[in-house]
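The values are calculated or read from the model by the stated rules, or taken from the named source; none is laboratory data. None of these values were measured; they are calculated from a predicted model. Backbone-built Cβ (ideal geometry, glycine too); neighbour counts: all protein chains shown. Ligands, DNA and RNA are excluded from the accessible area calculation, which covers all protein heavy atoms including side chains. Shrake-Rupley method; radii C 1.70, N 1.55, O 1.52, S 1.80 Å.
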Amino acid sequence: MTPCNKTLVLIGAMGSGKSHIAREVARLSCVPSRDIDALIVAQCGQSVAAVFKEKGEAEFRALETEVLRQALRDGGIIATGGGAVTQEANRHLLCASGVPVVYLRATPETLATRIRLQPGTRPLIDGDGALNHEQTVARVGEILRQRVPHYEFCAQHTVDTDGRTPRDVAQEILDALKKPGPID
Ligand code: S3P
């Protein structure tokens, strides 16, 4: 694959819109987008939920690191999975890459609402689809408490996504990257 000279990484929780916003940024900047989860699914021939179930989370995380390493080599607009920052190896890859990393922030309420629109896709939230909205908000809140420090550590920029379209967020990211300094 030809390496792409415009590279940007999007991080943030499940439901923060990373995949959709990556495609939008890529479209606006005419570069490829790369979705780490989709690349894992293509490599394994199984959904993320099936990989978690059959291979386990540790194996999923190992695949995630390898796919992220390759995506950073290939370049483009990279959407990570929400848990990528939990792995030291991935935090190291992101920091050492020198590419801009953008944290897409959203409230637990927003994230839970979006996650519930795609039932069965987030094994760490609601593997068996049994949680109601309030329980999903609580679970997302717990996960954010553990992960927000990692998102903040890895990112140079933070963009709020609550109530906004992917197009609007993508445009803010592109405008901000033209200016020196952080955008939050
Ligand atoms: C995960 C997030 C998911 C996917 C997997 C684990 C996580 O990606 O990688 O279910 O640990 O937060 P999205 O953030 O794209 O949903």
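Being at pLDDT below 95 and part of a loop (DSSP other than H, G, I, E, B) is the filter; apply it to the range 1-23 and report the residue that is nearest to Arg145 (Cα to Cα).
Among residues in the range 1-23 that are at pLDDT below 95 and part of a loop (DSSP other than H, G, I, E, B), the one nearest to Arg145 (Cα to Cα) is Lys6.
Does any residue in the range 14-32 that is hydrophobic (A, V, I, L, M, F, W, C) come within less than 8 Å, Cβ to Cβ, of a residue that is away from the ligand (no atom under 15 Å from the Cβ) and open to solvent by 30 Å² or more (accessible area, probe 1.4 Å) six or more places away or on a different chain, and which pairs are these?
Ala26/Pro32; Leu28/Gln171; Val31/Lys6
Name the residue, out of Glu57, Glu66, that is of a type in the set (D, E, K, R) and either at pLDDT below 95 or farther than 16 Å from Thr121 by Cβ (or both).
Glu66
Among the residues that make up the range 8-18, is at least one of them within 17 Å of Leu94 (Cβ to Cβ) and out of contact with any helix residue (DSSP H, G or I) (no Cβ under 7 Å at 6 or more places or on another chain)?
yes
Does Gly141 count as surrounded by fewer than 18 Cβ atoms within 10 Å (Cβ to Cβ) and in contact with a Pro (Cβ under 6 Å, 6 or more places away or on another chain)?
Yes, satisfied.
Does Pro149 fit the bill of being open to solvent by 40 Å² or more (accessible area, probe 1.4 Å) and in contact with a Gly (Cβ under 6 Å, 6 or more places away or on another chain)?
So Pro149 does not fit the description; no.
Which of the residues spanning the range 27-82 are over 23 Å from Gly98 (Cα atoms), open to solvent by 30 Å² or more (accessible area, probe 1.4 Å) and either away from the ligand (no atom under 12 Å from the Cβ) or β-branched (Val, Ile, Thr) (or both)?
The answer is Val41, Ala42, Gln43, Cys44, Gly45, Gln46, Glu54, Lys55, Ala58, Glu59.
Does Val101 fit the bill of being in contact (Cβ under 8 Å) with a residue 24 or more places away in the chain, more than 10 Å from the ligand (Cβ to nearest atom) and of a type in the set (Val, Ile, Thr)?
So Val101 passes the test.
So which residues in the range 1-50 are farther than 16 Å from Thr165 by Cα, hydrophobic (A, V, I, L, M, F, W, C) and touching an Asp or Glu at 6+ places or on another chain (Cβ under 8 Å)?
Met1, Cys4, Ile36, Ile40, Val48, listed by residue number.
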